[in-house]
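The values are calculated or read from the model by the stated rules, or taken from the named source; none is laboratory data. Computed from a prediction, not measured in an experiment: that's the story for all the values here. Cβ sites come from the backbone with ideal geometry, for glycine too, and all protein chains shown count toward neighbours. Ligands, DNA and RNA are excluded from the accessible area calculation, which covers all protein heavy atoms including side chains. Shrake-Rupley method; radii C 1.70, N 1.55, O 1.52, S 1.80 Å.
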Amino acid sequence: MLTIAENALPHAVPESQGIASAAILAFVEAAEREVHELHSFILVRHGRTVAEGWWQPYRRQDPHVLFSLSKSFTSTAIGLAISEGCLSLDDPVLSFFPDETPAHVSGHLAAMRVRHLLSMSTGHAEDTTPYFFKRSDGDWVSAFLDVPVTHAPGTFFLYNTGATFMLSAIVQKVTGLKLIDYLKPLLFEPLGIENPTWEESPRGINTGGFGLSITTGDIARFGQLYLQKGEWMGRQILPAAWVEQATAYQVSNADNQAVEWKQGYGYQFWRCRHNAYRGDGAFGQFCIVMPDQDAVLAITAGVGDMQRPLDLVWEQLLPAMHSDPLTADPAEHARLLTKLASLSISPVPGSAFSPLAARLSGHRFEAAPNDLAIRAFSVAFTDSGCTVTVGTARGEESFTAGFGVWQAGESALFNEHGSTVSMPIVASGAWSHDDCYTLVVRLRETPFVFTLIFRFADDQLVFESTVNVSFEPIQTRVVKALRT
């Protein structure tokens, strides 16, 4: 297996690859003004990295959850399995699951083929994924097959993450390996993607449509593989014909609302304007491939409006890409390098001190019944930050926030669905007013950022929690507590 270092794309001065350093700087500055929560990016031109940056506290070595960008990797596994003769695009979906086939099979379900799963044209009128989580026996395959197929497969586009899960299940059926294990020797190892992780269904099938975590550099190399028609370091690791098919316009999605999501859909890849294509995931995880410009852009983020980052690419970067090298501009390149080296997201502003701190520090506050299932709080204040202890039904858990810095740690307090797995976090806090302490907690390997506000009045505490992005409508959760 080649290491990341051996697989790393060589670096080059932007002007040598036909793009001005000033244009890249303008893109970064516009992203900071208008997008706010970019976590990282890597821009590759002619196979060379011309710019890269991580907004601290996000780091080069950290994986970032991809959400639906995972789908493009699942598609790749299908392409590889087809090339090995394990299946074909026109195989009936039901042929892989005789034990899960419903007692009554509609004509539309019988007509569903692998290509329909890939192109999100299964014929379903709604995403099948919610039915998975309602299934008490954890049988997601049966849950998918039980959902009525309203339209003839191939005639109706509907973004359906359950369809991608079925592709993962098919890979596991025909290869005997979980999706991640199948891809390790065929894709991950050749690209130097080390320690990928992928979530699983209750029955041990990789989720396929979401759940893969890898680094920004891994995303960039994956995009470059597709730009190079499946060739990597002189070896054809993915059939060029599959790259052409997967990234071509396979089905219309013109009924979508946002302009970048109505340009057509391939096999788990979105078509873009400007003859580009991309894999993307919720809240701004992007692998953008621009064949006409011989360029790739990898992005991780935590944004609600995914259209705006793409607009900035077309407005700032695309017009700046020229076919020939540009005249060297050492001064602008130095400015760009200085900016990239200093990218950061500021810790919480405010004061390290409040007259209330000594009186409140370490005291326990018992919470009234609340939908966060919190039973108690205590906050121990110091000049360098604070330690927050939260009591739940699982017991008490603490994390530390720094003043003027991001304090690294781990916590399971911010997990969905009550998971007890600790996740890497960074936290910062400060007194925004004498009676109000504000904390920001970043789940370092995800898009999620929690703002926690503690408002103190006499022996009362009002706690407020808000997250930056969510699949549900964003709301502020409030918990009231009394000092004991």
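Some points to look at:
- Taking segment 332-369 and a reference point 7 angstrom along Cα→Cβ of D459, the backbone N atoms nearer than 16 Å belong to 359-361, 363-368.
- Relative contact order of segment 350-438, defined on C-alpha pairs under 8 angstrom at six or more residues apart (%): 25
- Relative intensity of segment 258-318 on a log10 scale, I(q)/I(0) at q = 0.16, 0.22, 0.24 Å⁻¹, equals -0.44, -0.88, -1.07, per a Debye sum over C-alpha point scatterers of equal strength in the absence of solvent.
- Pairwise centroid distance, computed over Cα atoms, of segment 179-212 with segment 320-365, Å: 33
- Segments 323-333, 86-96 sorted - mean Cβ within 10 Å per residue, highest first: 86-96, 323-333
- Segment 350-453: C-alpha gyration tensor shape, a/c 1.5 cut-off, then a/b vs b/c: oblate
- Over segment 139-241, equivalent-ellipsoid semi-axes from the Cα gyration tensor in Å: 28, 17, 13
- The residues of the chain have, on average, 41 Å² of accessible surface per residue, using a 1.4 Å probe with all protein chains present.
- R0 of 30 Å, Cβ-Cβ distance R235-Q56: FRET efficiency to nearest 0.05: 0.25
- Our estimate of slack between A380 and H363, defined as 0.36 nm per intervening residue step minus the Cα-Cα distance, is 5.3 nm.
- Overall, segment 22-158 carries a charge dipole of about 420 debye about its Cα centre when +1 sits on the Cβ of Lys and Arg and -1 on the Cβ of Asp and Glu, all other atoms neutral.
- Rounded to 10°, Cα long-axis angle of helix 70-83 versus longest principal axis of the chain: 30
- Intensity falloff of segment 1-94 expressed as log10 I(q)/I(0), Debye formula with alpha-carbon point scatterers, at q = 0.17, 0.20, 0.24 Å⁻¹: -0.97, -1.13, -1.30
- Dipole orientation for the chain: of the candidates Q407, F165, A51, Q407 has the Cα lying most toward the positive pole (charges on Cβ; Lys, Arg +1; Asp, Glu -1).
- Rg/Rh for segment 70-197 (Cα atoms only, Rh after Kirkwood) is 0.97.
- Across K71/K339; K184/K339; K134/K262; K71/K229, pairs whose alpha-carbon gap is larger than 25 Å: K71/K339; K184/K339; K134/K262
- Percent carbon-and-sulfur accessible area, the chain, ignoring ligands, DNA and RNA, probe 1.4 Å: 52
- Sorted peptide list for 117-123, 71-77, criterion being average Cβ within 10 angstrom, highest first: 71-77, 117-123
- Additional length obtainable on full extension of the chain from S88 to F133, 0.36 nm per residue less Cα span: 13.3 nm
- Charges were assigned to the Cβ only: +1 to each Lys and Arg, -1 to each Asp and Glu. The resulting dipole of the chain about its Cα centre is roughly 180 debye.
- Here the simple spin-label model places points 7 Å from the Cα toward Cβ, and for A341 and T389 these points are separated by 4.4 nm.
- At full extension, T327 and A111 could sit 72.0 nm farther apart than now, given 0.36 nm per residue minus the alpha carbon distance.
- If you sort M233, M423 by accessible surface, 1.4 Å probe, largest first, the order is M233, M423.
- Rg over Rh for the chain works out to 1.00, using Cα positions for both radii and the Kirkwood form for Rh.
- Sequence ranges 288-297, 26-35, 433-442, ranked by mean other-Cβ count within 10 angstrom, highest first: 288-297, 433-442, 26-35
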